[in-house]
Amino acid sequence: MRPIGENMFGEILEGLRKAIELIISVDPTVVQITLRSIYISGTATLLSVLWSLPFGITIGLRRFPGKNFVKSIFNALIGVPTVALGLVVYLILSKQGLLGSLHLLYSPLAIMFGQALLITPIMVSFIASAVEAVDPQIIDLAKTLGASELEASVAVLNESKDGVLLAIISGFNRAIAELGIALMLGGSIVGWTRVLTTTIALETGRGNLTIAIALSIILLLIVSAVSTLTNLIRRRR
Amino acid sequence: MQTFSRDRLVVSTTTSLFDTGLLDEIETHFEKTYPINLNFISVGTGLAITFAERGDADMILVHAPSKEFQFLAEGYGLCRKIIAYNFFTIVGPETDPAEIEGLSSEEALTKIIEVGRNGEAKWISRGDDSGTHTKEKELWTAISFDITMLQAENWYIEAGAGMGKTLQITEEHSAYTLADMGTYLKYYHENLITLKVLVSQGQPLLNVYSAIAVNKTLHPSTNFDGAVSLIKFLVSEEGQQIINNYGQEMYGRSLLYPAVELLEEETDQMLIRWIREYAFLNGYECPPQYHDGHHELYN
């Protein structure tokens, strides 16, 4: 038998070396896939902000019956398995589904839509908590000074902007690192919907470990860079 | 970067064709000639067919004749063409505890059951409803074993994974499995596995790949014309040549053999009889009622 096991460390090191070469030499495929990942998940995050921000502020700011229940549901949904959500959105975007006539399946838009839904719970929960943490006297003060409901919200948002930024960054991190939705809704089509996570899965399946390792390193770098940013913001607070 | 200005053709395909890299080669050549963007969605044959039935793919490239016949009969498919063939192979550890090397597939599987029940060998099944899994079930049935019965035995392990992953699991367990030759060669040559080809000949191991367009009357928005273009390209001299040449540089042999000339010129009578018995429906690769007027494909 060829000694696969004995060479394991050698193989990993060799893979790492080649992977770093790929990154340093600015391999065009690697760059394209990386940029596409950032573009798709970044757009998904912005899309999700559109509804998560007003929703999160409303939940954080207002008192209404069942508020704790709503919050606990969003908290629970933070951990939704990406393949489960991917399957649900697939059924919606499929030709026989509710939005089938839009022909969105297997396109970057489909991934953006799916990832935007995926990170909605995490964004809403974080934003709501950030808003709740704001001293309630600020709202009262604003209202006393003649501020409208909307103006009071803006004042609260201004006070909680670090927490909101934290929510957005966490959402982006979850989106760019997920595989299930990108694979099921994008299909990993070369040059179009192939992103970091789907390429890692695909190339591992094909036995091309070098490129898979290179892309894993890049993904790790992106996620840790964003996490570091989060920590810096936390410390500033 | 892909734009919407070109026509789009979504092809759901078996992993065994995709993972070898053959489809990348076909895409490059096809897109040079046709103003169509090929989008391959790589899944097992079972899921590839489900996608097509739901209208989410315009065409399928698969290798499970029994499932293909059903697909045609239920009205989902048109213009089926057999594009290539090769042989499945039973691979296992070099020590070959069941001593199956050189046996027929029936004898080999019978011995694996025997030795497996003694606790001296394991079998890894794809377990994912793929074309290879379908073949595996047929092979057990051929020696009068029911797969649901085998599933309960502890030497029989279901991976529920693609071919590459299944080969790696087989390697880890020093077990036996059924593999398509293309994926096996790729993994072997890249030193990812040490498993050895033990049985690779005989009619039961025949593996036939077909292309089928999705019926446009069922799903009006599918790109039927694009699918017919790709089918014509695959059976053209250029397409068949690409299939034949693929792998020769890397592995010193073809991963798949082109089927069109073989079936037309009737050179190898035994092989043709095997393909007809295994992959023809009522004596046709595609019965006339499913030609949809494209009789030029079947001269």
Of the residues in the stretch B:133-170 that are among the polar types (S, T, N, Q) and assigned to a loop (DSSP other than H, G, I, E, B), the one that is nearest to B:SER66 (Cα to Cα) is B:SER144
Subset of the stretch B:25-49, residues under 17 Å from the mean Cα position of the chain (by Cα) and surrounded by fewer than 21 Cβ atoms within 10 Å (Cβ to Cβ), comes to B:GLY46, B:LEU47
Problem set entry | Some residue of the stretch B:112-124 being part of a loop (DSSP other than H, G, I, E, B) and surrounded by 15 or more Cβ atoms within 10 Å (Cβ to Cβ) | yes
Within the stretch A:68-94, residues being surrounded by fewer than 18 Cβ atoms within 10 Å (Cβ to Cβ) and in contact with a Ser or Thr (Cβ under 9 Å, 6 or more places away or on another chain) number 4
The stretch A:1-90: helices (runs of 4 or more DSSP H) wholly inside it with 3 or more residues that are of a type in the set (Ser, Thr, Tyr) are A:28-61
Filter the stretch B:234-271 for residues that are part of a loop (DSSP other than H, G, I, E, B) and out of contact with any strand residue (DSSP E or B) (no Cβ under 9 Å at 6 or more places or on another chain); the one that is nearest to B:LYS32 (Cα to Cα) is B:SER236
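Please determine whether any residue of the stretch B:86-97 is of a type in the set (Phe, Trp, Tyr), more than 13 Å from chain A (Cβ to nearest Cβ) and surrounded by 23 or more Cβ atoms within 10 Å (Cβ to Cβ).
Yes, because at least one residue in the stretch B:86-97 is of a type in the set (Phe, Trp, Tyr), more than 13 Å from chain A (Cβ to nearest Cβ) and surrounded by 23 or more Cβ atoms within 10 Å (Cβ to Cβ).
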Mind checking whether some residue in the stretch A:130-153 is outside any helix (DSSP H, G or I), more than 24 Å from B:GLY55 (Cβ to Cβ) and at pLDDT 95 or above?
-> no
Going through (1) in contact (Cβ under 8 Å) with a residue 60 or more places away in the chain; (2) within 14 Å of chain B (Cβ to nearest Cβ) one by one, A:HIS103 fails only at (1)
Going through (1) assigned to a helix (DSSP H, G or I); (2) touching a residue at least 12 places away in the same chain (Cβ under 8 Å); (3) within 14 Å of chain B (Cβ to nearest Cβ) one by one, A:MET112 fails only at (3)
Scanning the stretch B:242-261 for residues that are within 17 Å of B:SER210 (Cβ to Cβ) and aromatic (Phe, Trp, Tyr) gives B:TYR257
Note to self: When you scan the stretch A:26-44, do you find a residue that is under 30 Å from A:VAL154 (Cα atoms) and polar (S, T, N, Q), even just one?
What the structure shows: yes
Sole miss for B:ILE169 among (1) farther than 30 Å from B:THR95 by Cβ; (2) hydrophobic (A, V, I, L, M, F, W, C); (3) within 14 Å of chain A (Cβ to nearest Cβ) is condition (1)
In the set A:ILE119, A:ILE127, A:ILE189, A:ILE139, the lone residue that is surrounded by 18 or more Cβ atoms within 10 Å (Cβ to Cβ) and farther than 28 Å from A:SER37 by Cβ is A:ILE139
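Determine which member of the set B:ASP58, B:ASP24 is closer than 30 Å to A:LEU91 by Cβ, within 12 Å of another protein chain (Cβ to nearest Cβ) and modelled with pLDDT of 95 or more.
B:ASP58 is the lone residue from the list that is closer than 30 Å to A:LEU91 by Cβ, within 12 Å of another protein chain (Cβ to nearest Cβ) and modelled with pLDDT of 95 or more.
For (1) among the β-branched types (Val, Ile, Thr); (2) assigned to a helix (DSSP H, G or I); (3) touching a residue at least 12 places away in the same chain (Cβ under 8 Å), each residue gets a yes or a no:
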{"residue": "A:THR197", "(1), (2), (3)": "yes, yes, yes"}
{"residue": "A:THR204", "(1), (2), (3)": "yes, yes, no"}
{"residue": "A:ILE211", "(1), (2), (3)": "yes, yes, yes"}
{"residue": "A:ALA214", "(1), (2), (3)": "no, yes, yes"}
{"residue": "A:ILE222", "(1), (2), (3)": "yes, yes, yes"}
{"residue": "A:ALA225", "(1), (2), (3)": "no, yes, no"}
{"residue": "A:LEU229", "(1), (2), (3)": "no, yes, yes"}
{"residue": "A:ARG234", "(1), (2), (3)": "no, yes, yes"}
Of the candidates B:PHE71, B:PHE18, B:PHE40, B:PHE30, the one satisfying the condition of being in a helix (DSSP H, G or I) and within 11 Å of chain A (Cβ to nearest Cβ) is B:PHE18
Of the candidates B:ALA52, B:ALA73, the one satisfying the condition of being closer than 28 Å to A:TYR90 by Cβ and surrounded by fewer than 20 Cβ atoms within 10 Å (Cβ to Cβ) is B:ALA73
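The values are calculated or read from the model by the stated rules, or taken from the named source; none is laboratory data. These numbers were taken from a predicted model, which means no experiment stands behind them. Methodologically, a virtual Cβ is constructed for each residue, glycine included, from the backbone with ideal geometry; neighbour enumeration extends over all protein chains shown.
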